[in-house]
């Protein structure tokens, strides 16, 4: 790992009251002497001028963390300055001029990992916490970041190592090849206990894995049914182009929607119809993909025309199980916004912004299971795959043990331990580490 000083803006783009710039390096003493108007104590907020020769770039609050008591394990500075991008970029350029360089995505967390401040699952939890889409995902990410998930993995690893030691003692000290049945039985019982613990951790991880995926809602229907208009009402801005000309939307366009601190993705899709236009055909093809990927589909119908048999057939033929039919344009039919409990149909008007809250209520119902267990972790796909791999090796170890294949049993235990160690990053490849840390935002 290169220990040269790195720097980055840690707050999102745009203007704000305050902005944060982070700097990390093996020894920042020379850099500190060049750019700040005064010295400061470690772990104490200090008001200083940031100087480019005699020019004051900003008056800022500085917090200095002396190694190894910092996030990265190196010397680290956090600058709380005015949140104007010109000010922040000028400070960043000043650090670069004095020997630092721009940080790569996730490089601060990568240095924390290499300096043993966090393990790999905790590093992943940092990114997951930043991108968590609702408070349940935040709680699960905090569980992983606090080390609860790592503690479970460490306990399982140590249990496997103890079992492996018992099996290898049989191999190394066979006592005239006469292994008491009671010893073997105890090992088998202990393997079963660990397999059971694996199942508990996997259940917690599987619950967390669903929280790690943002819910997707696709708005589908014929051209001019009002899909784009409804999405604009939900977003409260003119995000999608609205026109009376059929086929205006020719792509699947994804937007982010926040409903009571629950972040979801909504997709405006190309209208479903028969067409010879190649571009529109491609848009309809993407609509079908959006239907497949969506957690729920809102099928939009022009209430002044009603739902046709071809539309009912479309829903059936594409096996759209989780869907709600929205009858739009009730301003033309003099109906009231309502959810018909008998049919499940929802009546709305994008033009008059009637019934928009009904759509939001339906989206929120997808989050009805508000409570998660204390031991739920915001697990990733690779965690679940490695846990399953380790559990299978345990089962194979038990099978070999029952048949007297002690060498093979010990090897399976070793492979189980390797799989668990990979979760924490103890034998990770460069490709895996690059994939994980490159997905981070700059400045984290």
Stretchable slack from residue 438 to residue 343, in nm (0.36 nm times residue separation minus alpha-carbon distance): 29.4 nm
Chain lengthening between residue 199 and residue 61 when straightened (0.36 nm per residue, less Cα-Cα): 44.8 nm
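Using R₀ = 25 Å, calculate the FRET efficiency as 1/(1 + (r/R₀)^6) where r is the Cβ-Cβ separation of residue 169 and residue 427; round to 0.05.
That gives a FRET efficiency of 0.50.
Could you list the square roots of 5 times each eigenvalue of the Cα gyration tensor of region 6-118, that is, the equivalent ellipsoid semi-axes, sorted largest first and rounded to whole Å? If you can, show how the numbers build up before the last one.
Numbers: eigenvalues 88, 52, 33 Å².
They are 21, 16, 13 Å, listed largest first.
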Tensor-based shape of region 216-365 (alpha-carbon gyration tensor, a/c under 1.5 rounded, otherwise prolate or oblate): rounded
Prolate/oblate/rounded label for region 66-152 (Cα gyration tensor, a/c 1.5): oblate
Projected-area average for region 300-413 over all orientations - Cα convex hull basis, square nanometres: 13.0 nm²
The chain: radius of gyration over Cα atoms, expressed as a fraction of 2.2 N^0.38 Å: 1.29
Of all DSSP beta bridges in the chain, antiparallel share, percent nearest 5: 65 percent
For 220, 297, 346, 138, order by how many other beta-carbon atoms lie within 10 Å, fewest first: 138, 346, 297, 220
Spin-label zone in region 399-429 - amide nitrogen under 13 Å from a point set 7 Å from the Cα of residue 188 along the C-beta vector: 399-405
For region 286-321 and region 328-350, distance of Cα centres in Å: 17 Å
Förster radius 41 Å - calculated FRET efficiency between residue 15 and residue 288 (Cβ-Cβ, nearest 0.05): 0.50
Where labels lie 7 Å past Cα in the beta-carbon direction, separation of residue 131 and residue 155 in nm: 2.9 nm
P(r) of region 109-211 over all Cα-Cα pairs, binned every 10 Å from zero, in whole percent: 13, 32, 25, 17, 11, 3, 0
Hypothetical label at residue 214: residues of region 135-161 whose amide nitrogen lies under 16 Å (7 Å Cα-Cβ projection): 135-138
Estimated FRET transfer efficiency (residue 38, residue 237; beta-carbon r; R0 60 Å; 0.05): 0.85
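A short reminder: the numbers here are calculations on the coordinates, not readings from a lab. Note that this is a predicted model, so its numbers are computed, not measured. Neighbour counts run over all protein chains shown; Cβ positions are idealised from the backbone, glycine included.
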